Structures are given as C-alpha cells and as structure tokens.
Amino acid sequence: MKKSFLADIDQEIAELFPGYFSLVMATGIVSIAAHFFLFNLIAEILLYINLVAYFVLWLLYIVRLVRHSGRMVEDFKNAGLSAGFFTIVAGTCVLGSQMIILKDWYQVAYPLFFLGMGLWIFLIYLFFLTMITRESKPSLENGINGSWFIAIVGTQSISVLGSLIAPLFSQHQDILLFFTLFMYLVGGMLYLLLVTLVFYRLLFNPLMAQAMSPTYWISMGAIAITTLAGGRLMINAPLWPILSSLLPFLHGLTLFFWAFATWLIPLLVILGFWRHIIKKVPIQYEPHYWGMVFPLGMYTVSTFILSKAMHLDFLEIIPQYFFYIALGAWLATMSGLVIQLWNLLWPSQTKR
C-alpha cells in the first residue's frame, strides 16, 4: 500500500504541469491588491501561503528534474507547454514585489530579483532557440496558445520588481532604471508580436471549445502587467532625468496597453460563456485556472497604480470592485486545488 502511494506521488511529480508557478503569481498579486485596499490580514495570510507554495514548488520541480528529466525536456520541446516554464520567472519576481510592498523585506527581494533575471536570460533565449531551430514544427493552430504570453509576464515582472528596488539603490541607480525601461520595452514589443499571431490563430483557424482554455486569459494578464511596469516607471521618473524626458511617451504607451487590456476582458468573458454554457465544457479544477486568476489580480493592481501614476482618480473605482472578483477567483481555484490534493493524499476517504 505504501509503495503504491509513493508510486502515485512519483507519477504526479512526473506529470507536474510546467506552469504551476502561476499559483505563486496569482497568490502574490491578489495579496498585493488586498494590501492596497487595506485588507491587511488577507494580504498577510496570502503572503505566507505564497512562501510555502514557492518553496514546495521548487522542491517538486527539482525532484522532477532529478527523477524525470526526460519528461521536463519533452515539455520544453512541446510548443503548447514550454512557455509555462516562464511562470518560474514571474512567480519569483511577483513574490519579491510582494515582500517589498507588504513587508519592506528588501534584503530578500534583492536575490529574488537577480534569480528572476538569471532565469529569464536562460529561458528566453533557450525557448526561442528551441522553437526556431526545431526540425518538425507544428501548425499555428496546434503550436501557439495563450500560455505563450507568460514569456511577456516573466519579462515585465522583472521590470516591475526592478522599479520597486531602484529607489533603494544608492549606486548605479541609473543603470537599474535603464534596465527596467529596457525590459518594459522588450516586453511590450514581444506582446505586440504574439498577440498578432494569437488573434490570427483564433480568427482564421478552427477552434475547439476544449482548446479555449483559461490560458487565453494570460493575454490580458500580460498586457496588464505591462501597464503596471509602465506605471512603476512613471512613478520613478523623478529619480532619473531620462525617464522624466520620456514621461509623455510612457503616458501614451502605457495608457494604450491598459485600454487594450480593458477591451479584452468582455471578449474573454463571452468566450468563456461560449465554452462552458453553449459548448457545455465542464468546469473542473486544472492548474491552467491559476493563469486566469493572475490576470484578474494583475488588472486590479495595474489599474490602481496607473490611476496613481497618471493622477486619474476616477479610475480607482474599477480596482475597488475588481479586487473582489480576483479574490473570489482565487478562493474558487484554491478550493479546487485543496480538493485535488485531498483526493491524492487520502483516496480511501474519498471512496467512502
């Protein structure tokens, strides 16, 4: 019985979803939103849940790398799964941002920033090199989906965390701010390229209801975190003359990104209605749903920061209500995860 249980656990690790750090991304951003709206107890509880989730996921990924390295390599070669590894970058940087905003734990956030940056450099070039040089390439219909936007989320998460630690950098502050601006612009360019491909795929290729997974919400999350990165740069503009000179550009470009994120939300809701109500695809827990929770939390935070950075006070009403949607989505998804873990760890209890 014990051997069977351990074999089941090992099998679950072998099949671990590459993008499971989206749990850390979602929990971190909802915690930050709670902090901004003075739900401090909720924010702190989510912080400690996130710390546990972060270290447990690292342990599981390391065990998977040691015991099932072949499966991880296959996942990285899979065009539909490989971008999920960027959740490690985004989760690391969102946790770093969470620690600064909630606790001022800069000494912990610094190594997370450099870890995230190192992981991004390794993954971004390996990802594109793998996709470009592979001999057998999938069609656009089978090769690209919403998970590709996680590459942009990872890119912009570094810009956001860099902007948060920049005011504390007494030396080389201009270099750090230049780097955060660089990441913001690279992420914005990558978004424009990918969103064109994804819209082409949705408009001119057949789409099964099962394929319209929650990962497509990441298209909104990616542009929402791009908005947040732009807002943080605006707030830091007084620290560096070049950023101050670029303020009109940052205002226009960041507002452009926010407008598109806002436009996407009703479309994604309608497509979700089509998938689950019209096409009757059942709603059941899967790790992809964390990729839906994160964009809801990120849109809340990015709209709040944008309203502060551009002095658009009338926009603050949006995140005040959107927070409850994000928190509700987090609670529903976490409930699904808890039930799944319960069924895995105590299957006999479920059978009774």
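The values are calculated or read from the model by the stated rules, or taken from the named source; none is laboratory data. Since this is a predicted model, take the numbers as computed values, not measurements. No Cβ is skipped: glycine too gets one built from the backbone with ideal geometry, and neighbour counts run over all protein chains shown.
Candidates Ile235, Ile305, Ile277: the one that is of a type in the set (Val, Ile, Thr), modelled with pLDDT of 95 or more, more than 17 Å from Ser219 (Cβ to Cβ) and more than 18 Å from the chain's Cα centre (by Cα) is Ile235.
The set of residues from segment 95-136 being free of Cβ contacts under 8 Å to residues at least 40 places away in the same chain and more than 21 Å from Met183 (Cα to Cα) comprises Asp104, Trp105, Gln107, Val108, Ile132, Thr133, Glu135, Ser136. Would you mind stating whether Phe17 is modelled with pLDDT under 95, aromatic (Phe, Trp, Tyr) and either closer than 17 Å to Met298 by Cα or not in a helix (DSSP H, G or I) (or both)? Here the answer is yes, as Phe17 does meet what is asked.
Within segment 85-116, the set of residues being surrounded by 13 or more Cβ atoms within 10 Å (Cβ to Cβ) and part of a loop (DSSP other than H, G, I, E, B) comprises just one member, Trp105. Could you tell me whether Ile317 is assigned to a helix (DSSP H, G or I) and out of contact with any helix residue (DSSP H, G or I) (no Cβ under 7 Å at 6 or more places or on another chain)? Yes: the conditions hold for Ile317. The residue of segment 47-61 that is surrounded by the fewest Cβ atoms within 10 Å (Cβ to Cβ), among those that are touching a helix residue (DSSP H, G or I) at 6+ places or on another chain (Cβ under 8 Å) and hydrophobic (A, V, I, L, M, F, W, C), is Leu60. Applying the set (1) modelled with pLDDT under 95; (2) closer than 30 Å to Tyr324 by Cβ to Lys2 leaves exactly one unmet item: (2). Looking across Thr215, Thr227, one residue alone is among the polar types (S, T, N, Q), modelled with pLDDT under 95 and in a helix (DSSP H, G or I). It is Thr215. Just give me the residues in segment 62-71 being in contact with a helix residue (DSSP H, G or I) (Cβ under 9 Å, 6 or more places away or on another chain) and in a helix (DSSP H, G or I), in sequence order. Selection gives Val63, Arg64, Leu65, Arg67, Arg71.
Scanning segment 117-157 for residues that are modelled with pLDDT of 95 or more, surrounded by 13 or more Cβ atoms within 10 Å (Cβ to Cβ) and of a type in the set (Ser, Thr, Tyr) gives Thr155, Ser157.
The number of residues in segment 91-132 that are under 13 Å from Asn50 (Cβ atoms) and either out of contact with any Gly (no Cβ under 6 Å at 6 or more places or on another chain) or hydrophobic (A, V, I, L, M, F, W, C) (or both) comes to 13. Could you go through segment 39-47 and let me know if any residue there is of a type outside the set (Phe, Trp, Tyr), closer than 30 Å to Phe199 by Cα and assigned to a helix (DSSP H, G or I). No; the residues of segment 39-47 include none that is of a type outside the set (Phe, Trp, Tyr), closer than 30 Å to Phe199 by Cα and assigned to a helix (DSSP H, G or I). Any residue at all in segment 193-206 that's farther than 21 Å from Thr130 by Cβ, under 22 Å from the mean Cα position of the chain (by Cα), surrounded by 14 or more Cβ atoms within 10 Å (Cβ to Cβ) and aromatic (Phe, Trp, Tyr)? Scanning segment 193-206 turns up no residue that is farther than 21 Å from Thr130 by Cβ, under 22 Å from the mean Cα position of the chain (by Cα), surrounded by 14 or more Cβ atoms within 10 Å (Cβ to Cβ) and aromatic (Phe, Trp, Tyr).
Within segment 208-224, does at least one residue satisfy the condition of being under 30 Å from Gln107 (Cβ atoms) and β-branched (Val, Ile, Thr)? No, segment 208-224 contains no residue that is under 30 Å from Gln107 (Cβ atoms) and β-branched (Val, Ile, Thr).
Comparison of Phe273, Phe249 shows that the only residue that is in a helix (DSSP H, G or I), within 22 Å of Leu177 (Cβ to Cβ) and aromatic (Phe, Trp, Tyr) is Phe249.
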